[in-house]
Each structure stands twice: as structure tokens, then as C-alpha cells.
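The values are calculated or read from the model by the stated rules, or taken from the named source; none is laboratory data. Computed from a prediction, not measured in an experiment: that's the story for all the values here. Neighbour counts run over all protein chains shown; Cβ positions are idealised from the backbone, glycine included.
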Amino acid sequence: MPRRVLEVGCGRGEFAERLAGAGIGVVAVDQSARMVELTRARGVDARLGDVQALPFADGEFDAAVANFVLYHVRDIHRALAELARVLRPGGTLVAATNGVRQLAELWELVGRDLSERRRLFMRETGEELLRPHFARVRAIGLDGTIELTSEEMRHYVAHSVRHRDLAATVPDLGGTLTVTTSSAVFVAETSEWP
């Protein structure tokens, strides 16, 4: 079990709190001062920071976690290089992300173009992006479907940072829509030798 873990993009700190509750030393980082405040309220060491310029020494962590955050990063190679840098030799990054087709039927219903996803850290691109920075990379793909009502879709879209204005365009379906779920967890390890 890792003794010291870094979580980047910690949000409200739920995951970091679970790690701390398991006796793991965790440091959580987020770009939002409000998210850092909420995470600290859970008793977690949370700091304001950017994954593209981590304020930690080389090899400081046994593991790092990035839960559904790397597709938001502007310079993904800089971020991945930073994550690899702060991991000890043989350290592990666990990065969860969505696939290009995540909730595609919902987004197609409201007219959102998903083509930009192919340039981001996604299920389909993650391994290629990780390989220059990590010695070993494996992916665990997760596929499924869910049934969503019009109200559930409106609620989801209304909470989207960039596309909340599309919530009003969700039509009344009078039932449910079968929607694709597509995500992956990447496990990437640094080399055993510095």
C-alpha cells in the first residue's frame, strides 16, 4: 500500500478523504480555492495548485491519482511530465477518464459536437499520451449503458461548465433514452531507476 499519495483535481475532497481514512498520507491539489477549502474541511491536507506546475520535490509521492480531470488540462504533456516527476522510481499514476462516446446520445440530442474530445486525454488517447512519460501503461476499459429521463438529462447538462446553456434544448421524451457510458482507468508506472 502506498504511504504518500497525491490527488490532483481533488474537487470537494471525497476521494482524498477516503484515502486519509484508510491511513494513507494524502495531499490534495486543486486550482479552485473553493474546492481546496471544502477538501480542507474534511480534514485533508489540501493545497491550491496546478498539475502543470506541481509545487513538490522530485520523487515525493508513491502514487498519484487524477480522477476525471486530465481532459481539462491545457498542456497535457507538461502535466504528465510533472506527475511523473513527483513520483518516486516505481511510483504509480492512476488516471480515470471518459471515452469519446461518453454520453454521446445525450450530447447528440442537444447538438453538441464531440469531435474536440479526440484531442484530449480520453480513453482512446490516454495510452499514447502517457507512454512518453511512464515506463509501463495499462488501461482498464469500462463500458455500459444507462437509461436517462429528460429531467435527468436536463439536470446533467445544466451542471456542465461549458455547455449548461444546452439544458433547455433537451426535449421531453416521455420515457427514457439509452445512453452510452464509456470510461477507462489508466495505471501508469514510472521506471524503477531515476
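Results, tabulated for the structure shown:
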quantity	calculated
Tally of residues being of a type in the set (S, T, N, Q), within 30 Å of residue 127 (Cα to Cα) and free of Cβ contacts under 8 Å to residues at least 40 places away in the same chain across segment 137-194	2
Hits in segment 1-45 - residues which are more than 13 Å from the chain's Cα centre (by Cα) and among the β-branched types (Val, Ile, Thr)	5, 24, 26, 27, 36, 39, 44
Search result, residues across segment 146-166 that are surrounded by fewer than 12 Cβ atoms within 10 Å (Cβ to Cβ) and closer than 13 Å to residue 180 by Cβ	147
Residue list for segment 154-181, filter: closer than 17 Å to residue 113 by Cβ and hydroxyl-bearing (Ser, Thr, Tyr)	160, 169, 180
Enumeration of residues in segment 56-74 that are free of Cβ contacts under 8 Å to residues at least 40 places away in the same chain and either closer than 17 Å to residue 137 by Cβ or under 15 Å from the mean Cα position of the chain (by Cα) (or both)	74
Residues of segment 151-177 classified as in a helix (DSSP H, G or I) and over 12 Å from residue 110 (Cβ atoms), total	3
For residue 46: the one exception among (1) touching a residue at least 40 places away in the same chain (Cβ under 8 Å); (2) in contact with a helix residue (DSSP H, G or I) (Cβ under 8 Å, 6 or more places away or on another chain); (3) of a type in the set (A, V, I, L, M)	(1)
Hits in segment 108-130 (condition: part of a helix (DSSP H, G or I) and of a type outside the set (Lys, Arg))	108, 109, 115, 116, 126, 127, 128, 129, 130
Given (1) in contact (Cβ under 8 Å) with a residue 60 or more places away in the chain; (2) part of a helix (DSSP H, G or I); (3) crowded, with 16+ Cβ neighbours inside 10 Å; (4) of a type outside the set (A, V, I, L, M, F, W, C), index of the condition residue 105 fails	(3)
Qualifying residue in segment 178-189 (condition: exposed (fewer than 14 other Cβ atoms within 10 Å of the Cβ) and modelled with pLDDT of 95 or more)	yes
Of all residues making up segment 79-108, the number that are of a type in the set (A, V, I, L, M, F, W, C) and out of contact with any strand residue (DSSP E or B) (no Cβ under 7 Å at 6 or more places or on another chain)	6
Filter pass, residue 105 being of a type in the set (Asp, Glu) and closer than 30 Å to residue 192 by Cβ	no
